[in-house]
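For reference, the structure is listed below as structure tokens.
What follows draws every value from the coordinates through simple rules; no lab data is involved. The structure presented is a predicted model; accordingly, all values stated were derived computationally and were not measured. Here the Cβ positions follow ideal geometry from the backbone for every residue, glycine too, while neighbour counts run over all protein chains shown.
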Amino acid sequence: MARLLEHQGKELLKSCGVKVPRGAPASTPGEARRIAEELGKPVAVKAQALVTGRMKAGGILFANTPEEAEAAASKLLGSEVRGFRVEKVLVEEKIDVLKEYYISITVDDSHRVRGPVLVFSPEGGIDIEEVARRQPEKVAKIPIDLAVGLRPYHARKAVKLTGTPEEDVKELYGVASKLYEAFRRYDARLVEVNPLAKCSSGLVALDCRMSIDDASAYRHPELGIDFAREMDRPPTRLEKAAWRVEESDYRGVFFFIEMPKKEGEHYIGFHGIGGGGAMIGLDALVRHGLKVANYADTSGNPTASKVYRCAKIILSQPGIVGYFLAGCVIASQEQWHHAHGLVKAFRELLRDKPGFPVVIVLAGNKEEEALKILEEGLRDLPIRLELYGRDYVYEVDYLAERMRKLVEEYVGGGGGA
């Protein structure tokens, strides 16, 4: 998913009619001061970072004067909030709050729903997960039929289930319907307002979180999304490169994420096919004492060019002393595309790495042809190549042990130095 910064999400909510505090983003302390002067009242200066819990992390400061707003911005800009560098702050008017609610539209992937749901709680301003754990009766989840859309009875049901006074039900429905409009208009996976504050002027979105479906990012160039993955840290250079591959080619799926690494240590480049089977293969490597550099997955019948780029990115990581393709599933995809992509990548990057271990298990459509392409296409490379078909999709421990032994021999012989 592509998560938006708070000020971006609020602009989208505002365009759908949701009330938000007056304010604007600032990139310099001077801009923050100017915005505070224009607002002419106490303000909140909020670090714009793709994390939750900014208040606890010191990422939200309050200022009574423009000078204090400038000082607050100076403190926040350039700092890090939970690993994310702050390049902008949102300066907005401080609101007098009478009551705080939680409200969101999100996607429920469970087999019972498989669609959008309205989530509401009268206990806003704190983590909704914490409320659900301590007071589950205070959280209502109402499925929304896409063919019908959001209706007033959804809001009435949410209010009734949580024991909320019905005096605000009409205005709550108004906010919910506008959130749903934003959810549909921008192909969102989540539109969350926490808290939704009851003020003298009505219900106001004090904070918001909005995530766009990564498969729909291309439909919204106006949002300026350059990395459609939601992570708890900034993306690496290679993760950005991987997303650019996926962004421009939707034939199949290519997912890539790097694992933390220590300089000077050895790692396995991991390449999976089919999420669950891939994870079984990765888990086997770890059980056998190997460290993986990354998690990558190419599924859904990807093109050879996408597989080729995946392999090149995996092998571009530092400290790689082996390549493990865990196709631990009989996949309903043309596997010779994987074979062609891997042959091209390996011939470009492994020609000068004698003894480099490569273990591949590949099963599914065109399996025999794919294994033959790999065998013939890599025959003249000096690598240690082992190929396995469908008879080994469940033999993950054997495959992991083979990988371990090959790596030991490679490293022991001076490889990977």
Exercise. Return the long-range amide H neighbours of VAL81 (sequence gap of 5 or more, or a different chain), with a cut-off of under 5 Å between placed amide H atoms.
Key: VAL86
Quiz item: Relative to the Cα centre, what is the charge dipole magnitude of the stretch 248-369, using +1 at the beta carbon of each Lys and Arg, -1 at the beta carbon of each Asp and Glu, and rounding to the nearest 20 debye?
Solution: 260 debye
Exercise. May I ask for the angle, rounded to the nearest 10°, between helix 29-39 and the longest principal axis of the chain, with both axes built from Cα atoms and the value confined to 0 to 90°?
Key: 30 degrees
Quiz item: Can you list residues whose amide H is under 5 Å from ASP207's amide H, if they're 5+ apart or on another chain and H is modeled 1.01 Å from N?
Solution: ASN194
Quiz item: Where a Cα-Cα gap under 27 Å defines reach, which lysines qualify for LYS160, not counting those fewer than 8 residues away within the same chain?
Solution: LYS19, LYS99, LYS138, LYS141, LYS170, LYS178, LYS198
Exercise. Output the Kirkwood hydrodynamic radius of the stretch 190-263, Cα pairs only, in Å rounded to one decimal.
Key: 15.0 Å
Practice problem: Calculate one ³J(HN,Hα) per residue across the stretch 355-371 by plugging θ = phi - 60° into the Karplus curve 6.51 cos²θ - 1.76 cosθ + 1.60, and present them in order as whole Hz with x for glycine and proline. | Solution: x, 4, x, 9, 10, 10, 10, 9, 9, x, 4, 6, 5, 4, 5, 5, 5
Quiz item: Taking every DSSP beta bridge that has both residues in the chain, what percent is antiparallel when rounded to the nearest 5?
Solution: 75 percent
Quiz item: Where does the chain land on Rg/Rh, using Cα atoms and the Kirkwood Rh?
Solution: 1.07
Quiz item: What percent of all Cα-Cα pairs in the stretch 147-297 falls in each 10 Å bin, counting up from 0?
Solution: 9, 26, 24, 19, 16, 6, 0
Quiz item: Can you give the alpha-carbon Rg of the stretch 59-105 over 2.2 N^0.38 Å, where N counts its residues?
Solution: 1.42
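If a/c stays under 1.5 just call it rounded; otherwise compare a/b with b/c (prolate if a/b is bigger, oblate if not). Do that for the stretch 1-123, with a ≥ b ≥ c from the square roots of the Cα gyration tensor eigenvalues.
Details: a/c = 2.25, a/b = 1.71, b/c = 1.32.
Prolate, since a/c reaches 1.5 and a/b exceeds b/c.
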Quiz item: With contacts defined as alpha carbon pairs under 8 Å and 6 or more residues apart, what's the relative contact order of the chain in percent?
Solution: 12 percent
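Distances longer than 29 Å among the Cα atoms of the stretch 237-412: what percent of all pairs is that?
Working: 1414 of 15400 pairs.
Roughly 9 percent, once rounded to a whole number.
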Quiz prompt | Sequence of GLU80, GLU263, GLU92, GLU123 once ranked by neighbouring C-beta atoms within 10 Å, starting from the fewest | solution = GLU263, GLU80, GLU123, GLU92
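Taking square-rooted eigenvalues a ≥ b ≥ c of the alpha carbon gyration tensor, is the stretch 363-417 rounded, prolate or oblate, where a/c under 1.5 means rounded and, failing that, a/b exceeding b/c means prolate? If you can, show how the numbers build up before the last one.
On the way: a/c = 4.36, a/b = 1.40, b/c = 3.10.
Oblate is the answer for the stretch 363-417, as a/c is 1.5 or above yet b/c matches or exceeds a/b.
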Exercise. Quick one: angle between helix 152-161 and the longest Cα principal axis of the chain, in degrees between 0 and 90, rounded to 10, please.
Key: 90 degrees
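Residue separation times 0.36 nm, minus the C-alpha to C-alpha distance between GLN317 and MET231: what's the value? Before the final figure, lay out the partial values.
Working: separation 86, 0.36 × 86 = 30.96 nm, distance 1.94 nm.
Length difference between fully extended and current span is 29.0 nm.
Compare the peptides 377-384, 252-259 by average per-residue count of other Cβ atoms within 10 angstrom and give them in order, highest first.
Numbers: 377-384: 15.0, 252-259: 18.2.
Most protected by this proxy first, the peptides run 252-259, 377-384.
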Exercise. Return the sequence-ordered ³J(HN,Hα) values of the stretch 213-223 in whole Hz as given by the Karplus equation 6.51 cos²θ - 1.76 cosθ + 1.60 applied to θ = phi - 60°, using x for Gly and Pro.
Key: 4, 4, 6, 10, 4, 5, 6, 10, x, 5, 8
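I need the per residue convex hull volume for the stretch 99-223, using only the alpha carbons, in cubic angstrom as a whole number. Numbers along the way, then the final one.
Numbers: hull volume 14.3 nm³, N = 125.
Dividing the Cα hull volume of the stretch 99-223 by its residue count gives 114 Å³.
Could you sort 264-270, 69-75, 408-414 so that the peptide with the highest average Cβ count within 10 Å comes first and the rest follow in order?
Details: 264-270: 18.7, 69-75: 22.1, 408-414: 13.1.
Top to bottom by mean Cβ count within 10 Å: 69-75, 264-270, 408-414.
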Exercise. Measure nothing fancy, just the Cα-based angle from helix 275-287's long axis to the longest principal axis of the chain, in degrees from 0 to 90, nearest 10.
Key: 70 degrees
Self-check item: Order of ASP214, ASP109 under a 10 Å beta carbon neighbour criterion, fewest first
Solution: ASP109, ASP214
Quiz item: What are the extents of the Cα atoms of the stretch 260-304 along their three principal axes, listed from largest to smallest and rounded to whole Å?
Solution: 36, 21, 14
Quiz item: Which residues in the stretch 219-245 place their backbone N less than 17 Å from a point set 7 Å from the Cα of ASP109 along the Cα-to-Cβ direction?
Solution: 228-232
Practice problem: May I ask you to evaluate 6.51 cos²θ - 1.76 cosθ + 1.60, the Karplus curve with θ = phi - 60°, for each residue of the stretch 297-310 and list the ³J(HN,Hα) values in order in whole Hz, giving x for glycine and proline? | Solution: 9, 10, 9, x, 6, x, 6, 4, 5, 6, 5, 4, 5, 4
Quiz item: Based on the alpha carbon coordinates of the stretch 319-417, what radius of gyration and maximum Cα-Cα distance (Dmax) apply, in Å?
Solution: 13.2, 40
Quiz item: So how far apart, in nm, are the two label points at TYR394 and ASP380 if each is 7 Å from Cα heading toward Cβ?
Solution: 4.1 nm
